[in-house]
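Please read the structure below before turning to the comments.
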Amino acid sequence: CLVISDQQEVISVEASLRESEQRYRELLEFAPVGIAVYSEGRIVFTNPAGAHLLGADSDELIAGKPITDITHPSRLESSQSRMRRMMAGEQGLYPAEEIYLRLDGTPVNVEVMATLLPYKGKTAVQVILTDITARKRAEAERELLISAIEQTGEIVIITDAEGIIQYVNPAFVTT
């Protein structure tokens, strides 16, 4: 009877493990952000959102690529430095803003979160990528608008919904 009980426990543990693996696969498959794993300088996995973010129709087009193929040349040195520091145990390196390259060479602004994880007996890096292109564009447009407001000779006053002044431009101050 003890053997049967042990056998039932093994079956129960195996079923729980399968369920856990299935939930993880579904999380990766349906996550709205890119999730990738790279090991030894190469991408070994990406979910559909990650493949799409990098301009690929499927993860097979991304798997096996060196990480340097998707990192913008202007960001390569800082990205590699941060990765070495993370592998050495340094904390507080993420989130970080990066510029990656889509398969067609188009740059894409991303926010990167990374963590170490074991992969096939080696230390690998799991990366979560969020496309921040729209946010970066809005920030640039905001800066352009602020510059125009500050340079105009017209008085500009910005208030909140209650009418409390939040901003006045230099023309207001000098008048």
Problem set entry | Most mobile listed residue (E19, E40, E77) in the chain, GNM with C-alpha springs under 10 Å | E19
Problem set entry | Structure-derived P(r) over Cα pairs in 5 Å bins from 0, in percent - corresponding label in (1) 1, 8, 15, 21, 22, 18, 9, 4, 1, 0; (2) 1, 7, 11, 15, 13, 9, 8, 7, 8, 7, 5, 3, 2, 1, 1, 1, 0, 0, 0; (3) 1, 8, 17, 21, 20, 15, 10, 5, 2, 1, 0 | (2)
Problem set entry | Percentage relative contact order, region 1-117, counting C-alpha pairs under 8 Å, at least six apart | 16
Exercise. Whole-Hz Karplus ³J(HN,Hα) for region 62-74, in order, using 6.51 cos²θ - 1.76 cosθ + 1.60 and θ = phi - 60°, x for Gly and Pro?
Worked result: 9, 4, x, 6, x, 4, 5, 5, 10, 9, 4, x, 5
For this session: At 0.36 nm per residue, minus the direct Cα-Cα distance, what do R18 and M113 gain on full extension? Give it in nm, one decimal, please.
Result: 31.5 nm
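Give the ranking of M83, M113 by solvent-accessible surface, highest area first, calculated with a 1.4 Å probe.
On the way: M83 30, M113 85 Å².
From most exposed to least exposed: M113, M83.
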Problem set entry | Integer Hz, Karplus 6.51/-1.76/1.60 couplings in order for region 106-112, x for Gly and Pro | 5, x, 9, 7, 9, 9, 10
Problem set entry | Gyration tensor over alpha-carbon atoms, region 14-96, equivalent ellipsoid semi-axes in Å | 26, 18, 11
For this session: With +1 on each Lys and Arg Cβ and -1 on each Asp and Glu Cβ, and nothing else charged, work out how big the dipole of the chain is about its Cα centre, in Debye to the nearest 20.
Result: 580
Exercise. What aspartates and glutamates sit close enough to K136 to cross-link, taking a C-alpha to C-alpha distance under 12 Å and skipping anything fewer than 8 places away on the same chain?
Worked result: E97, E98, E111
Problem set entry | Dimensionless Rg/Rh of region 86-165 - Kirkwood Rh, Rg from C-alpha atoms | 1.23
Seminar exercise, completed: Expected max-MSF residue from G55, G121, G105 in the GNM of the chain (alpha carbon, under 10 Å) is G121
Exercise. Along region 159-175, what does the Karplus equation 6.51 cos²θ - 1.76 cosθ + 1.60 (θ = phi - 60°) give for ³J(HN,Hα), rounded to whole Hz, x for Gly and Pro?
Worked result: 10, 8, 4, 8, x, 7, 5, 9, 7, 10, 8, x, 4, 5, 5, 8, 8
Problem set entry | Amide hydrogen neighbours beyond the local backbone of I43, cut-off 5 Å, H modeled | G64, K65, I67
Exercise. Where the accessible area of region 58-151 is counted over protein heavy atoms with a 1.4 Å probe, how much of it, in %, is carbon and sulfur?
Worked result: 54
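The values are calculated or read from the model by the stated rules, or taken from the named source; none is laboratory data. What you see is a predicted model, and the numbers here were worked out from it, not measured in a lab. Cβ atoms come from the backbone with ideal geometry, glycine included; neighbour counts cover every protein chain shown. Note: areas computed on protein heavy atoms with side chains; ligands, DNA, RNA excluded. Shrake-Rupley method; radii C 1.70, N 1.55, O 1.52, S 1.80 Å.
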